[in-house]
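**Q** First the structure, which I've put down as structure tokens, then a few questions once you've had a look.
Throughout, read-outs are computed from the coordinates displayed, never taken from laboratory work. Everything quoted here is computed from the prediction, not taken from an experiment.
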Amino acid sequence: MPAVRLIGPNNEQLGVVPTQRALAHAQDLGYDLVEIAPNSTPPVARILDFGKYRYAEQQKAKEAKKRQRSVTWKEIRITPKIDEHDIETKIKSASKFLDEGDKLKVTVRFRGRELAHPDRGRVLLLQVADRLKDHGIVERMPLLEGRSMIMVMNPVRRDAQGAPVPPIPTPTTAPAPAAPPPAATAAAPRPAPAVAVAAPKPTPATVAAKPAAAPASPPVRAATAAPPSPAPRKRTN
């Protein structure tokens with residue numbers, strides 16, 4: 001290669017320089033010239049200690065291998081005429097596989113004339129997927145392959161779920177009294193005028209029970225003497 005884009009030992013950009021000049025500059029500094037991006041135009045080279053660089057790359061690869069998890073496949077097989085008790089056992093095993101992080105393949109195998117009704121196997125697989133929705137998600141929908149119908153499920157990522165909400169701490173001091181609502185500050189409604197209620201009239205039975213009042217005596221008038229009648233006059237002819 002005639003020229004390279006050179007990067008210094010402190011990650012400084014030195015521009016595009018001829019390859020021989022870059023190599024001589026690296027030797028003068030006591031380092032190596034390492035090509036880190038051969039597919040770019042021009043290729044990128046860096047001045048560094050190759051031993052330390054190789055050790056750092058090995059450590060990165062080792063850490064990536066630790067984080068990488070090998071995919072393990074598990075399979076459960078059912079038939080279109082499976083009993084409810086048997087399918088419960090299969091569901092328990094499938095949920096355990098998915099919780100452990102394994103991929104699950106659910107297979108319905110048709111025998112004899114059962115292949116004439118593949119819709120029964122599809123309905124059965126969808127029911128299994130619905131009952132396992134808390135443990136896995138469907139990666140591939142039921143697909144008929146020969147005399148078997150296969151559905152693939154992936155485990156649910158636990159780290160994708162929302163973090164639990166921390167409880168709200170209880171205040172240690174008594175809270176301040178709340179301000180009265182706006183409706184309480186409005187003028188109080190005027191009281192309704194009192195209505196006089198007439199006393200109920202006594203019933204006849206009540207009147208009869210009371211003692212009869214004594215008749216009132218007539219007022220006594222004082223006796224006065226009658227005026228004297230005039231004497232008769234004597235008629236004369």
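**Q** Given H placed 1.01 Å from N in the peptide plane, which residues other than close sequence neighbours of GLU35 have an amide H under 5 Å from its amide H?
**A** Those qualifying (amide H under 5 Å, at least 5 residues apart or on another chain) are ARG46.
**Q** Please list the non-local residues whose amide H lies under 5 Å from the amide H of ASP49, H modeled 1.01 Å from N, same-chain partners needing a gap of 5 or more.
**A** Here ASP32 satisfy the definition.
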